[in-house]
Structures are given as C-alpha cells and as structure tokens.
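Chemist: This is the structure I want to talk about, given as structure tokens.
Each value in this text was obtained by applying a stated rule to the coordinates, not by laboratory testing. What you see is a predicted model; the values in this text were computed from it and never measured. Positions of Cβ are backbone-derived with ideal geometry, glycine not excepted, and every protein chain shown enters the neighbour counts.
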Amino acid sequence: MNPEEILRIAIVDAHIMTETTGGRATRALIQEMKRAGMAVIEIGTMEDAVPAVVTAPDVDCVLVAWDIEGAESLIRMIRSRDKEVPVFLISEPGTVHTVPLPVIRQVNEYVWITEDTPEFIAGRVEAAALRYRGRLLPPFFDELVNFSRDFEYSWHTPGHAGGIAFLKTPAGRIFHRFFGEQLFRSDLSVSVEELGSLLDHSGPIGEAERYAAKVFGADETYFVTNGTSGSNRIIFSGSVSDGDLVLVDRNCHKSVENGITLSRSVPIYLVPARNRYGIIGPIRPGEIEPDEIAKRIASHPCQSISRDGPPGLAVITNSTYDGLCYHVPTLESLLGLSVDRILYDEAWYGYARFNPLYRDRFGMREGHRDPGDPTIFATQSTHKLLAALSQASMIHLKAGRSPVEHGRFNQAFLMHSSTSPSYPIIASLDISSRMMDGGWGKTLTDETIDEAIAFRKEMIRIRRELGAGEPGADWWFGIWQPDEIRTGEGRVAFEDADPGLLRTDPSCWTLHPEDEWHGFPGLEDNYCMLDPIKVTILTPGIRRDGSPAAEGIPAEIVTRFLEGRGVIPEKTGDYNILFLFSLGITKGKWGTLLSGLFEFKRLFDEEQLLKDVLPDLAAAFPQRYDSMTVTALADEMHRFMSGNRQLALLRSAYSQLPAVAMIPAAAYARLVRGTVEKVPLDQLEDRVVATAVVPYPPGIPLLMPGERTGTADGPVIGFLRALQDFDTRFPGFSHEIHGVERENGRYLVYCVSPEAE
Ligand SMILES: *Cc1c(COP(=O)(O)O)cnc(C)c1O
C-alpha cells in the first residue's frame, strides 16, 4: 500500500498503559486497528494531544476517552477548527449521562470500550475514517492522485514522460531528485481525458472550478494559470474593444495597463487619495459620482471614442497594496450608476470571504442581488496570500445586468491561455479552495489576524516602554493604525484593547472621519477599512502634519538591514515598510522581525559603521560608504530628501492627472514601429511618453503611455529629477522605476518621436 493511503488514527486515553479493565480493552483495540492496517498514534496526555490532533492535524479519526482530564476542551478545540474529522468518544454506558449536550453534538460516535469487541470498534473506526478520507480531497486533485497511481506509459506531452527523460543525463538526474518523482508524474497534458480540460472547463477540472465558485461565493469561477496578470487581461479582452471607455483606478497593476493597450480601450482614471506618509488611499466617493464621471467623459480629448452608452468596465484595486478595503455596497451604489461591469482586482485579498471581519468589503460578497445590479468580476492571486503555487489565480464572476455569455467570454480566456496549462498549478488552485472550505477558512484567517494583532500590540508596548514619542526620549518605530479603539464604554488605547474585539469588530479598523491617525480626512464613515494583516511600520522622519521632521531614518536603510538578516518586507516607501501576514505565518514568526528592528536600533544608536551594518553596500561602494556610520547615512539621506522635497513633489506629481495626447494602444503602436526615442530628463518637457513610467514606491503610474510630461518645472519632471539626483547621491539605493532606462546615472524615457505625435 502507498504510505499516504494508510489511515491514521489518534487515540487519546490516560489508561493506555494501565492494568485496568479499561486499559486492557484499549490496548486490545489498538492492536486490532494495527492488525487491520491502520497507523495508530497513542497519546496519553493532553499536552501531547493538542499538537497531534489540533494544531497540526494529520489524522483521519480521533478517539478521545471521556475520563481523561480536559476531554471536553480537547473536543471543543478540535471542532473549532475542523468540522469534519470523525471524533469518537470512548466511555462506559454508565457514564454517558455525564456527557454534556454540547459535547454530544460534537462527537460522531460512542465507543463502549469494555462492552463492544475490538473487531467491532475497529471496523466502525475504519469505516468513518474511510468516509472522511473519501470526502477530503477536492475534485481535480482527487482524480489526479488516482491517475498518477496508474503508472501509464505516456505517448503524449509533456515529453519528459513522467520525469523519465530527466534521468538520461547527470544534470537532469539532479533536477529529478530535487523535485521528486511525484511532481513529474502529475505534470500531465490535456491529452489525458480522465482529468478534463481547462480550456473548455470540462471533466474534473470543470468540477474543480465549480467547487471553487461555491467556496469563493461566485456564480462562476475560471482557473487561470498565468497569474492575475493573465486574469485581468482576459477580462479586458472579454469586455471592451476598440475605442470603448473604461474607468480605471490609477492605482492599478501593470496587467491592467496591458489590458487597456491590448483591447485598444480608452482609460479614464480614478485618482486615489494619498496621505502625509505617501500611503495610497481609496478613491474618494466624489471621484465616482455620476456627474463627475460624465464630466470627465465629455471632456476627454480623444475624438474616436464611443460616448454612447456607459463605459464597458470599471477596475478597482481592492484591497490596495497598503491594505485599505472598500465598503463595496457603498462603492457599487455610486459606481454602478455609471458602469455595468466592475472588476475588483483582489490580487492580495483572496481570503476576505472567509472572515466576517471583511463582511461587505470584497467583490463576491453575500447578500441579495437584483438582476439589474452591475456584473461583478473579482480576480485573485491565489498564490499571493492563500496557499497555492506561483501563477495560480482565479477569476470569479457574479452575474448582473451586463451578461457574460460563457461561450463568448471563453474566447478571451483562450486568447490568454496556453494550450498546455500546468496541472500542478491547477491542483494547487483546487486544494486552495478545499483548504478554505468547511470552516477552515475562518480558522486560518483568524490565526493570521491574531498574529498580526499580537505583533501590532507588541510594537506599541515597546514604544510605550521606551517612552518613545515624548520629546527628548528614546525612539522606536511607529505603526500605521488607530491610536484608540471605540468600545461600548468609551475609548481605549490600541494596546489595551481586547484582542478578541480587534479580531471581530470591523469598526476597530475603519477610517473614521474624525480620527487623524490615517491621514485621509473627510472620508465617509465605514467607507474604507484597514486590513489588520497588512502591517505598515513607520520609520522616524515625518511629522503628523506631513512636514519633514528634523531627524529621520529613510525606510530603505532599515529594509536593507532586515534583508541582510533574511527578513524580506513586501514593500518599502520613503518612511514606511509594509509587512504581510499571510496564511504561511507561524506563531511568533514576527519575533524575528522584532529582533531585527531592535538590532537595527542598537546599531543606529551606537553609530556603528556601515561596513558592519550593511556590509554588502559598503563593499560595493567602499569610497562612498566605508568610513561612514549608519547614523550619518540616515541623517544625510533624510536631509537630502527633505531638501529636495521628494515627498512634496511626489504628492503634487500624483495629485493631478497629466494631459492625454493619445490612447495607450496608439503610444504602444509607435513603440513597436520604432517611431520613438529615448529622451533624458533635461529634454523631457512636453513630450508624449510611449511607455508607462512607474516609480517604486509608490508603484502607481506617474505617466501612462500616451500622456504628456508637462513643463520642465512641473511636478512630473520635478519628481523624476529629484529621484535621479537621489540615485546619483546615494549609489546602491537607486529607485526602481519601470519605464526608465539609465545611462551613466541619467534617466532616459521612451517618448513618441515628434513627427509621430
Ligand atoms: C500582483 C498583482 C497582480 C498580478 O498578479 P500575478 O498573480 O502576479 O500575475 C494584479 N493586480 C495586483 C493589484 C497585483 O498586486
């Protein structure tokens, strides 16, 4: 038998080793189960039981003796996480009246250990365990496991034929050993009919998509194996075409720009708010009022656009990278007045449906829908914050007034799909659905949220103990979150708030208009919420009013230090660093992050040399950094950034949209045909860019293809100049800017040649 087919049974009983009637009966039962081929995990104490059957469950049935101390709480713990695993209660007919009703409800069967025969009990256990196993795996993965057991000779692609081809050379053998045979045996092609096809959504793959739709709350779900990048492009190709208008969050991902270009549609951008830290906020309701949108459409400079009928699609990034999520009913009630199809880009947000904390804040929300409501898409990078292989993504659809006819939409799906999709990726999408089903989604997200809250509280506690924030006192990192929480009895400081309340009450995290911590004044109450699992740490350098502080530590220095210790943040702004708490977080993983921050603080306070703090940097640029301390570097960088008004320039560069000369597809056509030239910043005045220019941070397009750069002293060129000066001054810290090439430290941008404008 395959090792993974052996049933695993846990038995929790204090009498296993005792010479009592019960003990002897239990041992006889264990022996019988082993004889029948089951693996038995014998557990005599509660301390051993919790890890084995609650926190890292790997069993098909649990037997708990009712007379062991803590039996009731153990059963409760099992059930709070896992509604499905069979639980048998070992007891005597005489003591059954002592079992309280809630426990009776949570167990599947009773075992009268001294009365029933071991054979009978073992048979009941085996049957329950088999039933559980039979339902455990989701449709596609289940079939894949069965199929890979058959050891067929394959005459179809992939040509490695279950991995055999790799064995023919030494390098290939190492590759084979590294990944293991199973991966290759399950790397199959559409020629295997038993498994169905992703391209026509048939067989077990089709079933898996329908199962995912049920789990994620969609009417229909499409599995996509080339990321949410692929998913977004599919939705553009399937929704809009030449000259159609689209409403697009300016805080959009590159794939949305690709979608606009490929579909030759005409974007009208919705500009998100931005706060004093440079953190990107939500799109304000005023931006999406029908009057405002109508005005924008009427004044759009492109002649060839179709203005009859509503825009074909609206795209909203939800949540934002920094973890801000919309109250979707409010957003839809406004946006739905102008557009019939809304796409929520939920690349970072696939877990939202599984925790009530996020109720009404994601595309596939529950609640009544009318056929006249807008059609809703949500795209999710399952691989980003759930458990799936890279590139695993899903498109979810809720039907509405703009019908999505499958046969037509699937043509767009095919246009962006390989005819040889990866089966391991498909299987990971299937398993990801299963992992969130049956109450597990709540358990897993609760744990992640709990960890994030514990970390947030710890950061504040440290701050308080150091006395940070008081004039002349010690310093510590800030954290972007409410200072106070409203409760029934009034307000309490965040660090004193009940973690249970923080985990369950969304209003702890919403951006209340009268609170000033978030820096987005004037937002309607409840419109926007901060997701607790997206944690932004603030480094010193910016005052609460947004002006530069006298002293500061640019965040990139801290990030570099942490990366040197193997702690990799998600994203770094000028004075903020984002950390994501994903399902992969383990208890206390953030302890390493805390000790990294402490270590940085110590080195900084002791004015240690960069040679010791950032050795790679000092080695790469010895003349610049070798004799410098980390403290002096932070100081110089902070002064430089305040002096060249980097943050202020960023704010003004992003607060107004540039003028439009042509649609992105037209600019792209010039790029392909070569009627473009690379232009340095000092000649960039009033040019039309051929590619998007996207500096990181903030990761929002500064310019989209076809837009004008503005005057030489305008905010766009000014901001780019500030970044270029910074890069020259601080080698090794140069900004990542998509759409900018560098030559000897000079920025060059592809612009449309004047004769082609
Ligand atoms: C990462 C990301 C994407 C693309 O997702 P992939 O799965 O990496 O292709 C799309 N939209 C947003 C907002 C993203 O952050």
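Chemist: Multiply the residue gap between Glu516 and Ser582 by 0.36 nm, knock off their C-alpha separation, and tell me the result in nm, one decimal place. Mind dumping the intermediate values first?
Modeler: Numbers: separation 66, 0.36 × 66 = 23.76 nm, distance 2.78 nm.
In short, 21.0 nm is gained.
Chemist: Sticking with the crude label model, points 7 Å out along Cα→Cβ, report the distance from Leu594 to Glu524 in nm, one decimal please.
Modeler: 4.0 nm
Chemist: Cross-link partners among aspartates and glutamates for Lys83, C-alpha distance below 18 Å, same-chain residues fewer than 8 apart left out?
Modeler: In chain and number order, the partners are Asp58, Asp60, Glu72, Glu109, Asp437, Asp446, Glu447.
Chemist: Next up: So how strong a dipole does segment 646-756 carry about its Cα centre when Lys and Arg Cβ are +1 and Asp and Glu Cβ are -1, to the nearest 20 debye? Don't skip to the answer; put the middle values down first.
Modeler: Numbers: 10 positive and 12 negative charges, 34 e Å.
Dipole about the Cα centre, nearest 20: 160 debye.
Chemist: So if R0 is 60 Å, what FRET efficiency would Ile41 and Glu551 give, r being the distance between their Cβ atoms, rounded to the nearest 0.05?
Modeler: Working: r = 57 Å, r/R0 = 0.96.
Calculated transfer efficiency: 0.55.
Chemist: What is the extension gain from Glu115 to Glu465, computed as 0.36 nm multiplied by their sequence separation minus the C-alpha to C-alpha distance, in nm to one decimal? List each step's numbers first, then the result.
Modeler: Numbers: separation 350, 0.36 × 350 = 126.00 nm, distance 6.13 nm.
Taking 0.36 nm per residue and subtracting the Cα distance, the gain is 119.9 nm.
Chemist: Something else: Pulled fully out, how much extra length does the chain show between Ser189 and Thr98, if you take 0.36 nm times their separation in residues and subtract their Cα-Cα distance?
Modeler: On the way: separation 91, 0.36 × 91 = 32.76 nm, distance 5.72 nm.
Length gained between Ser189 and Thr98: 27.0 nm.
Chemist: Would you calculate the separation in nanometres between label points at Asp67 and His406, each defined as 7 Å from the Cα along the Cα-to-beta-carbon direction?
Modeler: Taking the two extended label points, one gets 5.8 nm.
Chemist: Of Ile235, Pro371, Tyr423, which is farthest along the charge dipole of the chain in the positive direction, counting Lys and Arg as +1 and Asp and Glu as -1 at C-beta?
Modeler: Ile235
Chemist: With each pseudo-label sitting 7 Å past Cα toward Cβ, what's the Thr157-Glu19 distance in nm, one decimal?
Modeler: The two pseudo-label positions are separated by 7.1 nm.
Chemist: While we're looking at this one, here's another question. When N is the residue count of segment 442-643, what does its C-alpha Rg come to as a fraction of 2.2 N^0.38 Å? Could you put the intermediate results ahead of the total?
Modeler: Values: Rg = 18.0 Å, N = 202, 2.2 N^0.38 = 16.5 Å.
In units of the globular-protein estimate, segment 442-643 measures up at 1.09.
Chemist: Using the beta-carbon distance between Val271 and Glu757 and R0 = 30 Å, what value does 1/(1 + (r/R0)^6) give for FRET efficiency, to the nearest 0.05?
Modeler: That pair, Val271 with Glu757, gives E of 0.75.
Chemist: Determine which lysines satisfy two conditions relative to Lys398: a Cα distance under 26 Å, and not lying fewer than 8 residues away in the same chain.
Modeler: Within reach: Lys214, Lys254, Lys384, Lys442.
Chemist: Within 11 Å, Cβ to Cβ, of Thr330, how many net charges do the neighbouring residues add up to if Lys/Arg are +1 and Asp/Glu are -1? Provide the component values of the computation, followed by the final result.
Modeler: On the way: positive: Arg361; negative: Glu332, Asp360, Glu524, Asp525.
Net charge in that neighbourhood comes out at -3.
Chemist: A further question on this structure: I want to check a number: in segment 544-680, how many lysine pairs have alpha carbons closer than 23 Å, given a sequence separation of 8 or more or different chains? Mind showing how you got there, number by number?
Modeler: Numbers: Lys571/Lys587; Lys571/Lys589; Lys571/Lys601; Lys589/Lys601; Lys601/Lys611.
For segment 544-680, qualifying lysine pairs total 5.
Chemist: Could you size up the charge dipole of segment 442-643 around its Cα centre, putting +1 on the beta carbon of Lys and Arg and -1 on that of Asp and Glu, and report it in debye to the nearest 20?
Modeler: 480 debye
Chemist: With contacts defined as alpha carbon pairs under 8 Å and 6 or more residues apart, what's the relative contact order of the chain in percent? Provide the component values of the computation, followed by the final result.
Modeler: Numbers: 1393 pairs, mean separation 70.3, N = 757.
Averaging sequence separation for qualifying contacts and normalising by length gives 9 percent for the chain.
Chemist: Right, next: Treat the chain as a sphere of radius equal to its Kirkwood radius over Cα pairs and apply Stokes-Einstein at 20 °C in a medium of 1.002 mPa s; give the translational diffusion coefficient in µm²/s, rounded to a whole number. Mind showing how you got there, number by number?
Modeler: Details: Rh = 29.2 Å.
Rounded, D is 73 µm²/s.
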